[in-house]
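Notes follow once the structure below has been shown.
The values are calculated or read from the model by the stated rules, or taken from the named source; none is laboratory data. Everything numeric here is computed off the predicted structure, so don't read it as measured data. Glycine gets a Cβ as well: all are built from the backbone with ideal geometry, and neighbour counts include every protein chain shown. With ligands, DNA and RNA removed, areas are computed over all heavy atoms of the protein, side chains included. Shrake-Rupley method; radii C 1.70, N 1.55, O 1.52, S 1.80 Å.
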Amino acid sequence: VIGGRCGRKATLLWNNVFLLTSSILIIEARAWWWQAIGRIFVGIVAGVATAVVPTYFSELSPVGIRGAVGTTHQLGITVGIVVSQWLSTPSLNVYGSEEEWKNLFIVP
């Protein structure tokens, strides 16, 4: 609905505002409710991106490779989940400690 009303590109650009806001709220959390609001914004970002990005990609891509472009989008999401799980695993000692976990949100 939002992507059709104000355009997919504008929707994605405004979605970045929520993305940066949520990252800042989570990183700089001084109270539990900052993180709660940041997580709500992350949910909004994920929902908008999941709905709008595949449509935007399919509109931009040539007809012959539209299916591959849509698959690549889903593959990127899956790879991102795997990398975030890897970075946050305590036994690997990257960002899985109590002191370092907030650094996972520096790069949205």
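A few points about this structure:
- Selection of the range 5-32 for residues being among the β-branched types (Val, Ile, Thr), open to solvent by 30 Å² or more (accessible area, probe 1.4 Å) and touching a helix residue (DSSP H, G or I) at 6+ places or on another chain (Cβ under 9 Å) yields Thr21, Ile24, Ile27.
Yes/no per residue for (1) assigned to a loop (DSSP other than H, G, I, E, B); (2) among the aromatic types (Phe, Trp, Tyr); (3) without any contact (Cβ under 8 Å) to a residue 24 or more places away in the chain:
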{"site": "Arg5", "(1), (2), (3)": "no, no, yes"}
{"site": "Arg30", "(1), (2), (3)": "yes, no, yes"}
{"site": "Trp33", "(1), (2), (3)": "no, yes, yes"}
{"site": "Val48", "(1), (2), (3)": "no, no, no"}
{"site": "Gly67", "(1), (2), (3)": "no, no, yes"}
{"site": "Thr78", "(1), (2), (3)": "no, no, yes"}
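- Some residue of the range 90-100 being loosely packed, with under 12 Cβ neighbours inside 10 Å and within 30 Å of Gly7 (Cβ to Cβ): no
- Test for Ser97: is it in a loop (DSSP other than H, G, I, E, B) and under 17 Å from Ile26 (Cα atoms): yes
- Residues located in the range 33-53, provided they are exposed (fewer than 14 other Cβ atoms within 10 Å of the Cβ) and among the hydrophobic types (A, V, I, L, M, F, W, C): Trp33, Ala36, Ile40
- Taking (1) touching a Leu at 6+ places or on another chain (Cβ under 9 Å); (2) closer than 15 Å to Phe18 by Cβ; (3) surrounded by 14 or more Cβ atoms within 10 Å (Cβ to Cβ) in turn, Tyr56 satisfies each apart from (2).
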